[in-house]
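Notes to accompany the following structure.
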Amino acid sequence: MPASLCGTWEMLSNINLEGYMIALGIGLSTRKIALKLKQRKVIEQVSDKYVIKTLSTFRNYVFSFRVDEEFDEFTKGLDETHCKSVVTWEGNRMVCIQKGEKKNRGWAHWIEDDKLHLELYCEGQTCKQVFKRVA
Ligand code: YOG
């Protein structure tokens, strides 16, 4: 079993969020706000169901899923599009593929050196985030 991703995590670094947001088609004024945010992740698991909350003072994004089960994702408050998403474990990485109007879109979470790592990718752009545990 991979190390648990569950807990509350505070953002330490956020590389190329700008490129990722441009790839998603987010407008300039929203990008400027988003770049200043310190995001928090709250990851919870109840039996085989996960909830991932991305929290900030501007907007929150909450989404829940079962591993290995495709579901309809609506990225409310982000780029507001519909995806067919599926989350799987690839070794110690929790990997999500988001099939929709954007090509090559998804993300991966893993633990390294007690930190929560996240890569968000879309159409050739990758945003790399690292979080430290706060609870
Ligand atoms: O995480 O999908 O943990 O869903 C990344 C920024 C900014 C809104 C947040 C709000 C996406 C305007 C989602 C920031 C940029 C910018 C806090 C990360 C798009 C719009 C919500 C994400 C996965 C994996 C789980």
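At most 11 other C-beta atoms within 10 Å and a DSSP loop state: those are the exposed GluC sites (Glu not before Pro) I care about. Give me the longest piece of the chain that has none. Can you show the working numbers first?
Numbers: sites that count: Glu80, Glu101.
Excluding the exposed sites themselves, the longest stretch runs over 1-79.
Per DSSP H run of n ≥ 4, the term is -39500 (n - 2.57); total these for the chain, divide by its residue number, and report the mean residue ellipticity at 222 nm rounded to 500 deg cm²/dmol. Working shown, then result.
Values: 2 runs with 16 residues, N = 135.
Value at 222 nm, helices only: -3000 deg cm²/dmol.
Return the whole-Å distance between the Cα centroid of segment 110-135 and the Cα centroid of segment 1-78.
One Cα centre to the other: 10 Å.
For a test of the definition: using alpha carbon positions, the gyration tensor, and the 1.5 limit on a/c, classify segment 5-82 as rounded, prolate or oblate.
Details: a/c = 2.36, a/b = 1.45, b/c = 1.63.
Oblate is the answer for segment 5-82, as a/c is 1.5 or above yet b/c matches or exceeds a/b.
Find the lysine pairs in segment 1-83 meeting two conditions, Cα atoms under 21 Å apart and a separation of 8 or more places or different chains, and report how many there are.
11
Compute the distance in nm between two label points, each set 7 Å from the Cα along the Cα-to-Cβ direction, one at Asp113 and one at Arg66.
3.8
Rounded if a/c is under 1.5, else prolate if a/b is larger than b/c, else oblate: which is segment 32-123, with a ≥ b ≥ c the root eigenvalues of its Cα gyration tensor?
Numbers: a/c = 1.40, a/b = 1.09, b/c = 1.29.
It comes out rounded by the Cα gyration axes.
Can you tell me which lysines have their Cα less than 16 Å from the Cα of Lys103? Leave out same-chain residues fewer than eight positions away.
Lys84
Where in the chain is the longest stretch that carries no trypsin sites (Lys or Arg not before Pro) classed as loop by DSSP and with at most 13 other Cβ atoms within 10 Å? Intermediate values should be presented prior to the final figure.
Values: sites that count: Lys36, Lys38, Lys76, Lys103.
So the longest stretch without any such site is 39-75.
Since every read-out is calculated from the coordinates, none of them should be taken as a lab result. Quick caveat: nothing in here was measured; it's all calculated off a predicted structure. Glycine gets a Cβ as well: all are built from the backbone with ideal geometry, and neighbour counts include every protein chain shown.
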